[in-house]
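Written out below as structure tokens is the structure these notes cover.
What follows draws every value from the coordinates through simple rules; no lab data is involved. Because the structure is a prediction, the values reported are computed rather than measured. Cβ placement follows ideal geometry from the backbone for every residue including glycine, while neighbour counts extend to all protein chains displayed.
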Amino acid sequence: MSGGLRLACSALALACAALSAACSSSATGRFEASGPRLGRWTMAPDRCLSGLHRGYVGADLFRADEREDTELVVVQRLEGPMVLARIPGTDEMVVFRADECATLQVDVHGNGVKVNGVPAVSGTVSIECDKPGFGSVRGAATFTCY
Amino acid sequence: MRALAAAAAAALACAGLCARAWAGDASAERTDHAVSRVHVVLIDGSELQGELVERVPGDHLTLQLATGEIRRLPWASIASSREVGGATETLPPLVTPESTPLTPLTSSPPLGAPRAGTDVIRGWPRPDRRPPTFSGEHYVLGVGGGVGSPTGYVGALAGYEPAPWCELQLGAGLGGRFGYAVAATGRLQAVAFGAMRFGLGVGLSTNYAPSPSLAGAPKQTQFLNLDFNQDYALGRSAFLRLTSGVAFLLNPGGFEGLCPKDATSGLSSCAFVAPFPADARAAASAADHGRTVVMPYFGLELLWMSS
């Protein structure tokens, strides 16, 4: 294979991979939780869902792995942001508000894309929260969710 | 004139008040989460009662029944709802998605509506963690057909996808006018929303015709195939592929001089065959005139993916 052809193939492969990434929900980052109710877990989310599917402005971050049961939800409200962390193995989410967090930086904004009429969101989250009796969660992520 | 100005001012003021009132209604619609137990009548006549988990006007209502089951009711399926012990409420009309503002909700969000003092929300549904159709590594098996396509009218296909944007495929089929076919194709693709894919394919194919349609034509022909494909997921384990492309004949020399020439004009007797569907006569004609033998093709494939 000539150098030019190899370069063209590589460029095409990169373009396809980049396009694939650009047109799919994606999340990168890492969260760690520990505590009596939350248990101890780490999650590196790789997928997310726009909160507007469920009527809130925010994002639902998780791993696309059916063996996992961790989840972190970012909610942006006028009263201030809020983060929900799943207690693994249950249908319960622990609520963390600003007064329980040393760091709670949330940026969620529409990115101009709608899928099936539901606006997509992009943004970032950085948290360091502790709720006595439940546990603490810390970490950060960047996401684009459809 | 003064009366006209006064009337206009009054109209503007009225419009402003109406707009404010409308905005107030819209806000109330989103912030009305005080109801905890509701009784819902569906349009098919069935009735449900449970704890309100989520209320997204125009979209759906989610209830937690006494059994603990979480039931999500599409807005369009609800005839009426009322707070248990309260007045019957006819739900507001369906809100179009375009009217959903991308602004923070002014009150508690739905799904358990974390009210002041709430430490835990129960009944939060788990996300769908299944990978999208076009993701990860897969083996692919299927059938395909087409006009002029590498495997011809009907063929069987097998492939391997180390990643959703890359595929290697082998196929064998009845072929077309050049005889039975085997083909190998490599594809680079872009995935859109996990359920659509489009890309480019490059491949080689060989046809074998025990008795060529044109006397003297080679029994074996080779093609370089370039095509564009669109894939559409059918559920989570199958997809439909549409291809359109062109095939370049790689051994045109075998077709040279096969067409008798007119003594006076010198033109080949194959010169006026239709360019499509392509066959040995078209190849012979193109070869005689020193042209690259290029043939368009279209294909349709139905493929299944390993989990």
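Remarks
- Assigned charges on the beta-carbon of Lys, Arg, Asp, Glu; region A:25-145 dipole about Cα centre (debye): 140
- Virtual spin-label span in nm between A:Thr124 and B:Leu226, 7 Å along Cα→Cβ: 4.2
- Proximal aspartates and glutamates relative to B:Lys261, as straight alpha-carbon distance under 13 Å, when same-chain residues fewer than 8 apart are discounted: B:Asp288
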